[in-house]
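Data first, discussion second: the structure below is written as structure tokens.
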Amino acid sequence: RSIHGPGQNSPHTPITRPQSKDEPWGARGHATVVEGTDGRWWMIYHGYENGYWTLGRQALLEPIEWTDDGWFVAKGGDLGQPLAKPSGTSVGAHGMALSDDFKGKTLGSQWSFFNPAQDEYRRLNFTGKGLELQGKGETPRDSSPLTVIAGDQAYQYEVEMDIAPGAVGGALLFYSDRLYVGVGSNGEKFIMHRYGEERPARLTPSSKGGKLWLRVTNNRHIVTIHTSTDGRVWQKYPVQMEVSGYHHNVAGKFLALKPALYAAGDGKVTFRQFRYRALD
């Protein structure tokens with residue numbers, strides 16, 4: 001009855017737990033009890049989507065009810081279908097838009113650097129016609145890529161890149177500095193990133209640079225990459241990748257596999273027209 005105690009265990013413990021390995025959400029926990037705007041009560045906690053640990057911990061709401069003797073019980077059932085959101089809220093059904101034309105004066109709120117230094121933002125230059133990103137390091141591992149959280153099981157994104165002489169730029173699915181996949185280019189040649197390794201082991205920056213479009217498709221863990229020199233005619237990259245193991249149980253850190261853009265080397269990469277869409 002008081003924060004100072006004495007404490008008493010709930011007779012309903014455990015409040016919620018998996019009943020089967022086939023349930024849609026697992027590893028649920030660390031709940032906070034909150035009252036909604038309409039007077040209903042909820043637990044908000046995190047969990048992993050069954051079969052999609054790559055998406056990382058996702059925020060979940062589960063309804064609760066208070067008992068006559070002052071305890072609460074979970075009322076969410078198996079959570080296999082979405083529940084009606086609390087009335088009075090204005091959040092869209094699909095959440096934040098992830099596409100970005102990079103014409104703004106600041107970095108969109110969907111973006112974040114991986115493992116940023118205190119002055120990481122100085123690498124950015126907002127030209128009004130694209131986002132210039134100063135190269136850093138030599139590979140995605142040490143370049144602090146720009147990442148965006150994707151919550152869909154299947155999705156595709158495209159981006160246009162101007163790669164200046166001395167730079168290497170690319171598009172990735174990035175979990176951590178130990179685990180990522182994707183393709184990079186110096187404007188003339190490609191480098192493949194897989195298992196957090198580079199093939200070939202090193203791509204020398206070009207003295208010419210170049211213009212390139214990349215398309216990354218993650219269709220339920222099967223990753224396909226296309227390249228284009230004009231944004232209209234696309235060529236399939238010859239290697240596909242399977243990424244269902246790119247998650248916490250393999251590499252730790254409680255992170256998620258995210259779409260990411262990187263710039264390495266001494267030059268700059270200008271990114272334009274990042275377009276994200278969910279797939280059926």
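Since every read-out is calculated from the coordinates, none of them should be taken as a lab result. Since the model is a prediction, treat every value here as computed from it, not as a measurement. Backbone-built Cβ (ideal geometry, glycine too); neighbour counts: all protein chains shown.
Residue exposure proxy: K136, K75, ordered by other Cβ atoms within 10 angstrom of their Cβ from fewest to most, comes out as K75, K136.
Order by neighbour count: D152, D230, fewest other Cβ atoms within 10 Å first, most last.
Fewest-to-most Cβ neighbours within 10 Å comes out as D230, D152.
Ordering G187, H30, M161 by the projection of their Cα atoms onto the charge dipole of the chain, which places +1 on the Cβ of Lys and Arg and -1 on the Cβ of Asp and Glu, puts G187 at the extreme positive end.
Averaging Cα coordinates gives a centre for the stretch 237-280 and one for the stretch 1-70; these two points are 31 Å apart.
Once the other residues with Cβ under 14 Å from the Cβ of G267 are scored (Lys, Arg +1; Asp, Glu -1), what is the net sum? Net local charge, G267 excluded: 0. Using the Cβ of G137 as centre and a radius below 13 Å, the other residues enclosed give a net charge of -2, where K and R count +1 and D and E count -1. The separation of the stretch 99-125 from the stretch 154-216, counted between C-alpha centres, amounts to 18 Å. The HN-Hα couplings worked out from phi for the stretch 251-256 by the Karplus form 6.51 cos²θ - 1.76 cosθ + 1.60 (θ = phi - 60°) are 10, x, 5, 6, 9, 9 Hz, whole numbers, x standing for Gly and Pro. Shape of the stretch 111-278 from its Cα gyration tensor (a ≥ b ≥ c, root eigenvalues): rounded if a/c is under 1.5, otherwise prolate when a/b > b/c, or oblate? It is rounded, given that a/c, with a ≥ b ≥ c, falls under 1.5. Here the relative contact order of the chain, from alpha carbon pairs under 8 Å that lie six or more residues apart, stands at 21 percent.
What's the exposure ranking of T139, T106, going from fewest to most Cβ atoms within 10 Å? Present the calculation step by step, with values, prior to reporting the outcome.
Values: T139 22, T106 9.
Exposure proxy ranking, most exposed first: T106, T139.
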